[in-house]
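Trainee: If you scroll down you'll find the structure; I have some questions about it.
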Amino acid sequence: MEMDTKTLPWDALVFSRSESKALGFWGKLIDKLRDNSPRVVGALKLGIDVSFSLTGNPFMIASAVFAIAGRLVAIAWGTKENQEKMLERHKSDDPDAIAKTTAGKIIRPKEYPVESSSALSVVAEWFGTAYGVSRFQSGEAGYTPLILGLVAVWSYANILFGKEGKATKKPADDAGQDPLVFAQSQSKRVGWFGKLRALMKDNPVMVSSLVNVALCTAGVIGGLIEMHGAWYVTAFAIGIVANSVQALLVKKREFNIEGAIEDKMQDQPAGFARKLAEKRAGRDGDLGMAPA
């Protein structure tokens, strides 16, 4: 039986229209945020760096200089639009388009904005650690910057060196082909801990971001206890927000050339991927290297 919309209350119709418009607006906003998430995180973290520099300590100023350089990399090239431009610039069957080493990624910020930015942050955090050491040398408490600085060095290094899982596109024909296997695999991960572990697996950016959220929370508390000053505490407060956004929205492969090429390869016939693998192997052979 068809419902005559003319008999529906006017308020109900208005509500349904406004609701769909709201969902459309928020959906577009979230997509825009996701497509520019490294840029957004970089802009937020600039507030951290400026706050640190205003402490007046030379080590914190040095830390801010390197960190700001990393944020500018993320702001300039941490977008989906840039990733697409890099894909157009490089031929997708050219092995040279993908950096072979971590050092190669660091010196190619346009193609690897998240990795390059993280490398500069590693240097910045070493200076933050040195600030803690200097506090002890001057007879003041410096446990907070020393301990948090060392953990922060690890967290950014984990983003830089950590292996990220590749996206896989499952054919639609296979969906639901074996529900028993699906049920068995799901039953192995019980409860919220299992779901969190599955979510964080092969996702170094999320792991490091959550660690940084904890660090920033401890930094706010420790900064107040050890009296490092208002700007020091403010920096960590901003860091809680910035790293939360980073944990939710940023993945390396979604913004670097490597992820773009892998996605394109998945859309190509199997022969295309084999051709690329053979070309890579031939290049490595010419260099006297064993294929990976």
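The values are calculated or read from the model by the stated rules, or taken from the named source; none is laboratory data. Bear in mind the structure is a predicted one, so any value in this text is a computation, not a measurement. Using ideal geometry, Cβ is built from the backbone for each residue, glycine included, and neighbour counts are taken over all protein chains shown. Keep in mind that these areas ignore ligands, DNA and RNA; they rest on the heavy atoms of the full protein, side chains included. Shrake-Rupley method; radii C 1.70, N 1.55, O 1.52, S 1.80 Å.
Trainee: Do we have residue 62 as open to solvent by less than 40 Å² (accessible area, probe 1.4 Å) and part of a loop (DSSP other than H, G, I, E, B) here?
Mentor: no
Trainee: Out of (1) open to solvent by less than 30 Å² (accessible area, probe 1.4 Å); (2) closer than 16 Å to residue 145 by Cβ, what's the single condition that is false for residue 208?
Mentor: Against the list (1) open to solvent by less than 30 Å² (accessible area, probe 1.4 Å); (2) closer than 16 Å to residue 145 by Cβ, residue 208 comes up short only on (2).
Trainee: Could you say whether any residue in region 261-273 is among the hydrophobic types (A, V, I, L, M, F, W, C), open to solvent by 60 Å² or more (accessible area, probe 1.4 Å) and modelled with pLDDT under 95?
Mentor: Within region 261-273 (the criterion being among the hydrophobic types (A, V, I, L, M, F, W, C), open to solvent by 60 Å² or more (accessible area, probe 1.4 Å) and modelled with pLDDT under 95), the answer is yes, since at least one residue qualifies.
Trainee: For region 130-156, enumerate the residues that are under 15 Å from residue 55 (Cβ atoms) and either among the acidic types (Asp, Glu) or loosely packed, with under 15 Cβ neighbours inside 10 Å (or both).
Mentor: The answer is 138, 140.
Trainee: In region 96-129, what residues are open to solvent by 20 Å² or more (accessible area, probe 1.4 Å) and of a type in the set (D, E, K, R)?
Mentor: The answer is 96, 100, 105, 108, 110, 111, 125.
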